[in-house]
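Below: the structure, in structure tokens.
The values are calculated or read from the model by the stated rules, or taken from the named source; none is laboratory data. Remember, it's a predicted structure, so these values are computed and weren't measured experimentally. Quick reminder, even Gly has a Cβ in these numbers, built from the backbone with ideal geometry, and neighbours come from all protein chains shown.
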Amino acid sequence: MGIRSRLGALTCVVVLVLTGALGAVGFAAGESNSSQIAWSPCYRELNLGEFECGNLSVPLVYSQRDGGQDQAERRDDGGARISIAVVRLPASDRQHRIGSMFINPGGPGGSGVDFALFASFLFSPDVLARFDVVGFDPRGIYRSTQLRCFNSSAEWAPYFTTFAFPSNNEEERGWIAADRFLDNACATRGGAIRDHMSTANVARDLDRLRAAVGDKQLTYVGYSYGSYLGVTYANLFPNRVRALIVDGVLDPIAWATGVGRESETIPFSTRLRSDQGAQATLQEFFRLCDSGAGCAFAPSSATRFAELGERLKKEPILFRDPTGQVVFEFNYSLLIANTLGAMYGSDSWPSFAEFLAFLEAQAGPEDLRAALAAFHSSLGVGPRLADPDYRNQIEGFPGVACSDSDNPSSYTAWSKQGAQADKRFGYFGRIWTWASSICAEWPGSDQDRYIGPFTRSTANPVLVVGNNFDPATRYQGAVTVSGLLPKSRLLTVHGWGHTSILLSACATAAVTAYLVNQALPATGTVCEQDAVPFAPAALSVRTAANTIANPRAALIPDALTRAMR
């Protein structure tokens, strides 16, 4: 799931030219086995695989059939069209190819095209042999027809603050002013796409993509917010599910409406209780640090962290460049943002512990910069792929999330709920609550969103995967979805971090068996994480962890990586 925060210095990106075909063939309302996408070679310079790119034309608005009683079966009314950017890695064993497997990294606002470029790291050789791995940028996002509220990223500056979330009245006023800056820009320049970015419409696009590649049923793997897309598809098109995995699972009811009248006073990002999941994961960091080997922040890590936080509230640490000039102020909110980022990937915990130790010791500027850089590198935070035009990092999240969810209409609710959440669940109440404040006055809405029920019986079982300690999509979300979907199976991973990606050979084997053979793991299966943080054996895999950092880092929202800097 995404988290929105701001920081003055924007992330630099590596510009790679997308060489795929920009033309798209219109897609008729009926099913077709012939390809509707003109594929062309792309991204070959990365040496990650024989990728092909293309675009699919879909309706901006899916008209309702016969009075609009059916949420799923919408027809093409011949109106405005938008373009969906797609990339695929063809199956390596064409003779035994099963079909296409669509993937989504979450966000909302994450790029499925970027994510698919890491396919060779994400999936087993058996999966890569049998499926074309297909990633797409959802409507409104990046390379697809964009929600674009600015001429260039140079105009973003008023949106960013020097803190990752507000903690007092003055900071709240600054945060709200920044929200309204984005609101006004999108109200003025957002265009028609702003009101048609709900997950339900993305699911309808996904069904068009399924048909365009010639698959009668969908094979899909969705992570984080991508789980909500998967659950929505399963309920709109239950008879078209071949194999569907949701990993790092959002509670769909909490995301959309909440229970009863919750949405009148509690923002959706608070209802999800990611703050509770993040706090539980941090407690595990403290426990494993103190009881393990080689943790630079042991012993008494929980107490020392609390003391460090109190010290930063009173006196932030100044990061300086080699000439002695202040580059930025490392305050309490940035400690929490970096801590939340660290919880996304437990392979980064040794480097994070070293960074905390440097902060505690008030090390010199060179040592602090080096420690922060080493921690970010271990987490995979760094340059990301972009097209040469414009990457709508700040518009994408609210375009989807605010269209999907019911929220309070007054900023007072965010202030109150953030403070209460901090008191109830520790350090992460405010940062997760204020992540959705842009929805208070967001100018867009989507009348075609889907808000349930989430209990349809699918043609084939759904595999639901949840980590015991996930800082963004807590384990309870997976339990909830497995209870809602009648034909589903819960796979538990006793692990630490956001989603099960690259954590457990046991989980990878279960995923492979399900995708290839449609075989479910036994009821009650629990997979262990391969390398326990700070365990002696884990020290030998720290170099290997750097190899897997980049694909896992794709799950960390751009806004959070900006705040960490």
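Sort through Gly483, Gly497 and tell me the only one that's in contact (Cβ under 8 Å) with a residue 12 or more places away in the chain and more than 30 Å from Arg97 (Cβ to Cβ). First the steps, then the outcome.
Working: Gly483 fails: in contact (Cβ under 8 Å) with a residue 12 or more places away in the chain.
From the options Gly483, Gly497, the qualifying one is Gly497.
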- [ ] For the stretch 296-315, indicate whether the set of residues that are out of contact with any Cys (no Cβ under 7 Å at 6 or more places or on another chain), more than 24 Å from Pro471 (Cβ to Cβ), loosely packed, with under 14 Cβ neighbours inside 10 Å and touching a residue at least 40 places away in the same chain (Cβ under 8 Å) is non-empty.
- [x] no
- [ ] Hey, could you check the stretch 345-372 for residues that are touching an Asp or Glu at 6+ places or on another chain (Cβ under 9 Å) and not acidic (Asp, Glu) and say which is farthest from Ser504 (Cα to Cα)?
- [x] Pro365
TODO: Output the number of residues of the stretch 242-263 satisfying the condition of being touching a residue at least 40 places away in the same chain (Cβ under 8 Å) and either surrounded by fewer than 22 Cβ atoms within 10 Å (Cβ to Cβ) or not aliphatic (A, V, I, L, M) (or both).
DONE: 10
Task: Top-ranked residue of the stretch 392-429 - restricted to ones that are within 16 Å of the chain's Cα centre (by Cα) and either in a loop (DSSP other than H, G, I, E, B) or closer than 19 Å to Thr270 by Cα (or both), ranked as modelled with the lowest pLDDT - done: Asn392
- [ ] Inspect the stretch 90-97 for any residue being buried (at least 22 other Cβ atoms within 10 Å of the Cβ), more than 21 Å from Asp448 (Cα to Cα) and at pLDDT 95 or above and give the result as yes or no.
- [x] no
Task: All positions within the stretch 194-203 that are more than 14 Å from Asp137 (Cα to Cα), under 21 Å from the mean Cα position of the chain (by Cα) and outside any loop (DSSP other than H, G, I, E, B) - done: Arg194, Ala200
Open item on the list: Anything in the stretch 328-374 that is over 28 Å from Pro536 (Cα atoms), touching a Phe, Trp or Tyr at 6+ places or on another chain (Cβ under 7 Å), in contact (Cβ under 8 Å) with a residue 40 or more places away in the chain and not in a loop (DSSP other than H, G, I, E, B)? List them, or say none.
Closed with: Phe328, Ser333, Pro365
Open item on the list: I'd like to verify a number: residues in the stretch 474-484 that are surrounded by fewer than 19 Cβ atoms within 10 Å (Cβ to Cβ) and of a type in the set (A, V, I, L, M, F, W, C), how many?
Closed with: 1
- [ ] Return only the number of the condition from (1) surrounded by 14 or more Cβ atoms within 10 Å (Cβ to Cβ); (2) at pLDDT below 95; (3) under 24 Å from Tyr228 (Cβ atoms) that Ile103 does not satisfy.
- [x] (2)
Task: Any hit, the stretch 434-449, residues being part of a helix (DSSP H, G or I) and over 26 Å from Gly112 (Cα atoms) - done: yes
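Could you please let me know if Thr188 is modelled with pLDDT of 95 or more, buried (at least 24 other Cβ atoms within 10 Å of the Cβ) and among the polar types (S, T, N, Q)? Don't jump to the end; show me each part of the working.
Values: modelled with pLDDT of 95 or more: yes; buried (at least 24 other Cβ atoms within 10 Å of the Cβ): no; among the polar types (S, T, N, Q): yes.
Criteria not met by Thr188.
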Open item on the list: Between a residue in the stretch 91-107 that is under 15 Å from Thr232 (Cα atoms) and any residue that is small (Gly, Ala, Ser) and at pLDDT 95 or above, which pairs come within a Cβ distance under 7 Å, given they are 6 or more apart or on different chains?
Closed with: Ile103/Gly112; Ile103/Ala116; Ile103/Gly135; Asn104/Gly112; Asn104/Gly222; Asn104/Gly226; Gly106/Ser224; Gly106/Gly226
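Residues to consider are Leu379, Leu385, Leu359; find the one that is within 24 Å of Ile556 (Cα to Cα), among the aliphatic types (A, V, I, L, M), at pLDDT below 95 and more than 21 Å from the chain's Cα centre (by Cα). Walk me through how you get there before you give the answer.
Numbers: Leu379 fails: more than 21 Å from the chain's Cα centre (by Cα); Leu385 fails: more than 21 Å from the chain's Cα centre (by Cα).
After ruling out the rest, the residue left standing is Leu359.
For (1) in contact with a helix residue (DSSP H, G or I) (Cβ under 7 Å, 6 or more places away or on another chain); (2) part of a helix (DSSP H, G or I), each residue gets a yes or a no:
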residue: Ser100; (1), (2): no, no
residue: Gly135; (1), (2): yes, no
residue: Asn151; (1), (2): no, no
residue: Pro158; (1), (2): yes, yes
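Any chance you could count how many residues in the stretch 485-501 are hydroxyl-bearing (Ser, Thr, Tyr), surrounded by fewer than 24 Cβ atoms within 10 Å (Cβ to Cβ) and outside any strand (DSSP E or B)? Spell out the reasoning first.
If we filter the stretch 485-501 for residues that are hydroxyl-bearing (Ser, Thr, Tyr), which is where we start, we get 488, 492, 499-500.
Applying the additional criterion that residues be surrounded by fewer than 24 Cβ atoms within 10 Å (Cβ to Cβ) yields 488, 492.
When the remaining residues are screened for being outside any strand (DSSP E or B), the result is none.
Within the stretch 485-501, residues that are hydroxyl-bearing (Ser, Thr, Tyr), surrounded by fewer than 24 Cβ atoms within 10 Å (Cβ to Cβ) and outside any strand (DSSP E or B) number 0.
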Open item on the list: Tally up the residues in the stretch 88-98 that are touching a helix residue (DSSP H, G or I) at 6+ places or on another chain (Cβ under 8 Å) and among the basic types (Lys, Arg), please.
Closed with: 2
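Report yes if some residue within the stretch 508-527 is of a type in the set (S, T, N, Q), surrounded by 22 or more Cβ atoms within 10 Å (Cβ to Cβ) and at pLDDT 70 or above; otherwise report no.
no
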Open item on the list: With at pLDDT below 95 and of a type outside the set (Gly, Ala, Ser) as the only criterion, which of Ile317, Ile245 stands out?
Closed with: Ile317
Open item on the list: Condition check: farther than 30 Å from Gln518 by Cβ, buried (at least 24 other Cβ atoms within 10 Å of the Cβ) and not polar (S, T, N, Q). Does Pro471 satisfy that?
Closed with: yes
- [ ] Only residues that are of a type in the set (Val, Ile, Thr) and assigned to a helix (DSSP H, G or I): list them for the stretch 253-277, please.
- [x] Ile253, Thr270
